[in-house]
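J.: Below you'll find the structure I mean.
The values are calculated or read from the model by the stated rules, or taken from the named source; none is laboratory data. As the structure is a prediction and not an experimental result, all values here were calculated from the model. Cβ: placed from backbone, ideal geometry, glycine included. Neighbour counts: every protein chain shown. Note: accessible area is taken over every heavy atom of the protein model, side chains too, but ligands, DNA and RNA are not part of it. Shrake-Rupley method; radii C 1.70, N 1.55, O 1.52, S 1.80 Å.
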Amino acid sequence: NSKNVLLEVQGLKVAYGGIQAVKGANFEVREGELVSLIGANGAGKTTTLKAVTGLQPVGDGDIRYLGRSIKGQGAWDLVRQGLVMVPEGRGTFTRMTIVENLQMGAFIRDDDEIEADIDKVFAIFPRLKERAEQLAGTMSGGEQQMLAMGRALMARPKVLLLDEPSMGLSPIMVDKIFEVVADIHSRGTTILLVEQNASRALALANRGYVMDSGEITMTGLGRDLLADPKVQAAYLGA
Ligand code: ATP
């Protein structure tokens, strides 16, 4: 693979007090890829995303982005550099409208293409356009997930990190969210996707990593992991 490595995590360790949540994880994300990180509850996936995006202090190891170490850099600086996460639980601004939430997503920008980008987000998520003036807090869970993803896109991410976008959604909405993840990827955004819905996440992924108890235990092409008997037994309910 000759594509540029955008994000490279080397021997990452993260602890909460005495509890080692991530115990030396290694992985990389290349330009244009959709990479899925799967694993059981408590495996350390969310902690890994928080460490990468500057929301959780890192112990040993290094995080390299666009060829430079970003270890210790703050979350806002990293957003400005294009490393943008949609957190678990979405975190929309509930007392603001859809449009206002999208405008907030562009807080790091001062160019004159913000309105045009809102239209692009509306093209990806027609539901958000229909509800443009509705307060975010009154939207359904799936709609709020769409809004959180749309807001993240407004920052023009180079790498979009999605933490469990399908969590807590109805089956139809889960389908819709995975469709949209594929759509955003096909429009050129590099994606690191954390999911408990391993089969859906691996089906979309160019490559995947399996995390178990704070360590990366397997990696491969998405389709190869999907077909792997060990992955099927442990994560796909086979
Ligand atoms: P899930 O899918 O359930 O979110 P995960 O793979 O994302 O799981 P993490 O949320 O990263 O896992 O949690 C990894 C470990 O770190 C767990 O044992 C968890 O209890 C612990 N942990 C997470 N956040 C904290 C915290 N703020 N303080 C103490 N321990 C934490």
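J.: For a test of the definition: using alpha carbon positions, the gyration tensor, and the 1.5 limit on a/c, classify the stretch 123-238 as rounded, prolate or oblate.
T.: Prolate.
J.: Given the -39500 (n - 2.57) contribution per DSSP H run of 4+ residues, what per-residue ellipticity at 222 nm results for the chain, rounded to the nearest 500 deg cm²/dmol?
T.: Estimated from H runs of four or more residues: -10000 deg cm²/dmol.
J.: Name the shape class, rounded, prolate or oblate, that the alpha-carbon gyration tensor gives for the stretch 29-71, where a ≥ b ≥ c are the square roots of its eigenvalues, rounded holds for a/c under 1.5, and otherwise prolate holds if a/b is larger than b/c and oblate otherwise.
T.: oblate
J.: Just the accessible area for M167, please: 1.4 Å probe, Å², rounded to the nearest 10?
T.: Approximately 80 Å² of M167 is accessible to the 1.4 Å probe.
J.: Apply 1/(1 + (r/R0)^6) to the Cβ-Cβ distance of R95 and N26, taking R0 = 30 Å, and write down the FRET efficiency to the nearest 0.05. Let's see the in-between values first.
T.: On the way: r = 41 Å, r/R0 = 1.38.
Computed FRET efficiency for R95 and N26 comes out at 0.15.
J.: Going by Cα centres, the stretch 91-109 and the stretch 155-213 are how many Å apart?
T.: Answer, in whole Å: 22.
J.: So, one more: For K50, give me every one of the lysines with a C-alpha distance below 23 angstrom, ignoring sequence neighbours fewer than eight places off in its own chain.
T.: Correct list for K50: K13, K23, K71, K158.
J.: Moving on. Which peptide among 58-65, 47-54 comes first, and what is the full order, when sorted by highest mean count of other Cβ atoms within 10 Å?
T.: With the highest mean Cβ count within 10 Å placed first, the list reads 47-54, 58-65.
J.: Using a simple spin-label model with points 7 Å from Cα along the Cα→Cβ vector, what separation in nm is obtained for Q134 and A40?
T.: Each label point lies 7 Å from its Cα, and together they span 3.8 nm.
J.: Can you compute the modelled spin-label distance between Q10 and F107, with each label point 7 Å from Cα toward Cβ, in nm?
T.: 3.3 nm
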